[in-house]
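Report on the structure given below.
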Amino acid sequence: MAASNITSTHPAAFLLVGIPGLEHLHVWISIPFCFAYTLALLGNCMLLFIIRGDTALHEPMYMFLAMLAIIDLVLSSTTLPKMLAIFWFRDREINFYACLVQMFFLHSFSIMESAVLLAMAFDRYVAICKPLHYSTVLTGPLITRIGLAAVTRAVTLMTPLPFLLRRFHYCRGPVIAHCYCEHMAVVRLACGDTRFNNIYGIAVAMFIVVLDLLFVTLSYIFILQAVLQLASQEACYKAFGTCVSHIGAILSTYTPVVISSVMHRVAQRAAPHVHILLAIFYLLFPPMVNPIIYGVKTKQIRDHVLSLFWRKNV
């Protein structure tokens, strides 16, 4: 009976405020958000279309890029439609379980994105440091296993969160001061002992960011050593040029995370909308920028896009 009472104290729905303090600007703020979301959808869908349709691009690097595009599509589509509904139609209500599902997808796909960026660093390491073994090391089955490992790690780490949140009594009301259901924003409404949730959330974030970035950094240390040993300067530029797109994707993904983390600690008294805008920037910027980075810097994709436009014009 006690267990039944505990599980029945959550609200039927939460109310998402949007961006606290900037409610009067929601319509104007929605314009760049909608533009960025449209670019993310078009760019990532085009990448997937090009990679799927061109057998010459069925290589490990492009398979990882296709995974990244799918993850970016899910990440942006998990949050942006509801955010735009809040900004345009003031549709602030979200079902309690829909909120937990949104939170699960948001955090789990963020973890998957970090894993795929790590896999792409491994791909560049093998391509530059072990070029003769590239085709034998990065086989189709290995790429499939890496993809499954990324999904398994994310799902395993994030599955406990919805069950942990479901058991709380939400006595602080149903209003979430955010644009979407983020773990800590929901925890702040809960009563009782939430220390485990706080520690678990921080531990997972630190484990993912620190561990993945550590291995990415190690990969590039080995890559740099290999590049500097090449005979000609032209060969150095050419070898390192194959990494530029991946480095851009890493910077576009991790820079907002680091800035947001620093702001939470350094500028704790900053207005809530500052932290929320940074969180939204993290969700919007990588999905919008990654297709542009790879489209501009990757010759095969760039040539394919240009040929498509050339055919249409002819």
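Quick one: residue 235 ticks every box in (1) open to solvent by 80 Å² or more (accessible area, probe 1.4 Å); (2) assigned to a helix (DSSP H, G or I); (3) of a type in the set (A, V, I, L, M, F, W, C); (4) modelled with pLDDT under 85 bar one, so which box is it?
The single condition residue 235 does not satisfy is (1).
Inspect all residues belonging to segment 18-40 and state whether any of them is within 30 Å of residue 173 (Cα to Cα), touching a strand residue (DSSP E or B) at 6+ places or on another chain (Cβ under 8 Å), in contact (Cβ under 8 Å) with a residue 40 or more places away in the chain and of a type outside the set (Ser, Thr, Tyr).
No; the residues of segment 18-40 include none that is within 30 Å of residue 173 (Cα to Cα), touching a strand residue (DSSP E or B) at 6+ places or on another chain (Cβ under 8 Å), in contact (Cβ under 8 Å) with a residue 40 or more places away in the chain and of a type outside the set (Ser, Thr, Tyr).
Tell me which residues, restricted to segment 70-99, are hydrophobic (A, V, I, L, M, F, W, C), more than 20 Å from residue 142 (Cβ to Cβ) and buried (at least 20 other Cβ atoms within 10 Å of the Cβ).
75, 80, 83, 86, 87, 94, 99
Is it the case that residue 122 is open to solvent by 10 Å² or more (accessible area, probe 1.4 Å) and either at pLDDT below 95 or in a helix (DSSP H, G or I) (or both)? Don't jump to the end; show me each part of the working.
Details: open to solvent by 10 Å² or more (accessible area, probe 1.4 Å): yes; either at pLDDT below 95 or in a helix (DSSP H, G or I) (or both): yes.
Against the criterion (open to solvent by 10 Å² or more (accessible area, probe 1.4 Å) and either at pLDDT below 95 or in a helix (DSSP H, G or I) (or both)), residue 122 qualifies.
Out of all the residues in segment 131-181, which are β-branched (Val, Ile, Thr), closer than 15 Å to residue 11 by Cβ and open to solvent by less than 60 Å² (accessible area, probe 1.4 Å)? First the steps, then the outcome.
Let us first name the residues in segment 131-181 that are β-branched (Val, Ile, Thr), namely 136-137, 139, 143-144, 146, 151-152, 155-156, 159, 175-176.
Subsequent filtering for residues that are closer than 15 Å to residue 11 by Cβ retains 175-176.
Passing the criteria: only 176.
Within segment 238-255, which residues are open to solvent by 50 Å² or more (accessible area, probe 1.4 Å) and in contact with a helix residue (DSSP H, G or I) (Cβ under 7 Å, 6 or more places away or on another chain)?
240, 242, 244, listed by residue number.
Test each condition in (1) buried (at least 19 other Cβ atoms within 10 Å of the Cβ); (2) under 30 Å from residue 174 (Cα atoms); (3) of a type in the set (Val, Ile, Thr) for residue 51 and report the one that comes out false.
The failed condition is (2).
Would a scan of segment 1-9 turn up a residue that is in contact with a helix residue (DSSP H, G or I) (Cβ under 8 Å, 6 or more places away or on another chain) and surrounded by 15 or more Cβ atoms within 10 Å (Cβ to Cβ)?
Looking only at segment 1-9, we keep the residues that are in contact with a helix residue (DSSP H, G or I) (Cβ under 8 Å, 6 or more places away or on another chain), and these are 7.
Imposing the further condition that a residue be surrounded by 15 or more Cβ atoms within 10 Å (Cβ to Cβ) reduces the set to none.
Among the residues of segment 1-9, not one is in contact with a helix residue (DSSP H, G or I) (Cβ under 8 Å, 6 or more places away or on another chain) and surrounded by 15 or more Cβ atoms within 10 Å (Cβ to Cβ), which makes the answer no.
Return the residue satisfying two criteria in turn: it lies in segment 182-232 and is of a type in the set (D, E, K, R) and assigned to a loop (DSSP other than H, G, I, E, B), and of such residues it is surrounded by the fewest Cβ atoms within 10 Å (Cβ to Cβ). Talk me through it step by step, then tell me what you get.
Of all residues in segment 182-232, those of a type in the set (D, E, K, R) come to 182, 188, 193, 195, 212.
Pick out the ones that are also assigned to a loop (DSSP other than H, G, I, E, B) and you get 182, 188, 193.
Numbers: 182: 20, 188: 14, 193: 9.
Once the filter is applied, the top-ranked residue is 193.
The values are calculated or read from the model by the stated rules, or taken from the named source; none is laboratory data. Note that the structure is predicted; figures quoted are calculated from it, not measured. Virtual Cβ from ideal backbone geometry, glycine too; neighbours counted across all protein chains shown. In case anyone asks, the SASA skips ligands and DNA or RNA and just uses the protein heavy atoms, side chains included. Shrake-Rupley method; radii C 1.70, N 1.55, O 1.52, S 1.80 Å.
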